[in-house]
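Since the structure comes first, as structure tokens, the remarks are kept for the end.
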Amino acid sequence: METNVPKKHWETIYQTKQADQVSWTQAIPATSLAFIQQAQLPKSARIIDIGGGDSHLVDFLLDEGYEHISVLDISEAALSRAKKRLGNWADRVEWIVSDITEYRPESLFDFWHDRAAFHFMNTADQISRYLATARLGVVPNGYVTIGTFSESGPEKCSGLPVRRYSEETLTKELLRGFRKIHCITEDHITPFQTSQNFLFCSFQRSGLN
């Protein structure tokens, strides 16, 4: 697959579909917020949302007073929608248009959040590059929370194949450089009133590798 195909795919999605027409939409990202709150970070902590698109997580983080928020997404259209929604508040956020497998952090983050981007990494090379970036980008003892489809979740999302995970298989992928804290599963109810089972796991950066 050409590397520009996924970007074209996501640009088309965000240019043609509204929030209530895509399965991942959440009015309140309660689980993600809970994981961030559990880390008990200072408001000055650096937080990045990987594959954040036009998610409302950034809105809630700004409301809670976090001062250094970055949102990364492969789709410029997705980030433009988020900026438009936030208005003047958008200036308080660092917006990064990039494929996560090609991203090289210019600064370190205290909290790395990913809801539903990692499970689109379908090859060993993609997974390896993603995790290498996370190891580079997260401070020692910093936190990573990843939400993926569980083994009971869908096999595809937005027409693309995904890799489903159990607590054991996700933990194994992050074994190099990260220590598992805890995992939960939950059912996400889509705007179409269907249910998708997610696995969320939090990890802490450990070691030098």
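General remarks:
- Part-to-part distance (alpha-carbon centres) for region 84-110 and region 138-209, which is given in Å: 21 Å
- Extending 7 Å from Cα along the Cβ direction at L41 and again at R179 yields two label points whose distance is 1.9 nm.
- Multiplying the residue separation of V97 and S128 by 0.36 nm and removing their Cα-Cα distance gives an extension gain of 9.1 nm.
- Relative contact order %, the chain, counting alpha carbon pairs below 8 Å whose residues are six or more apart: 19 percent
- Percent antiparallel among DSSP beta bridges (both partners in the chain, rounded to 5): 50 percent
- Here's the list of lysines a cross-link from K7 could span, going by alpha-carbon distance under 18 Å and ignoring same-chain residues fewer than 8 apart: K17, K156.
- Highest-first arrangement of 139-149, 111-121, where packing means the average Cβ count within 10 Å: 111-121, 139-149
- Rounded to the nearest 20, the size of the Cβ-charge dipole of region 142-209 about its Cα centre is 360 debye, with Lys and Arg at +1 and Asp and Glu at -1.
- Length gained when the stretch I189-Q15 is fully extended (0.36 nm per residue, less Cα-Cα span): 60.3 nm
- Residues considered: I74, I100, I189. Largest GNM mean-square fluctuation over the chain, using C-alpha springs under 10 Å, is found at I189.
- Summary of packing: across the peptides 55-65, 41-51, the per-residue average of other C-beta atoms within 10 Å ranks them, highest first, as 41-51, 55-65.
- Label-point separation in nm, E64 to N141, each point 7 Å along Cα→Cβ: 2.0 nm
- FRET E, pair L108, A34, Förster distance 30 Å, beta-carbon r, rounded to 0.05: 0.80
FYI, it's all coordinate maths here, none of it is from the lab. This one's a predicted model, so the numbers in the text were calculated from it and none came from an experiment. Glycine also receives a Cβ, built like all others from the backbone with ideal geometry; neighbour counts cover every protein chain displayed.
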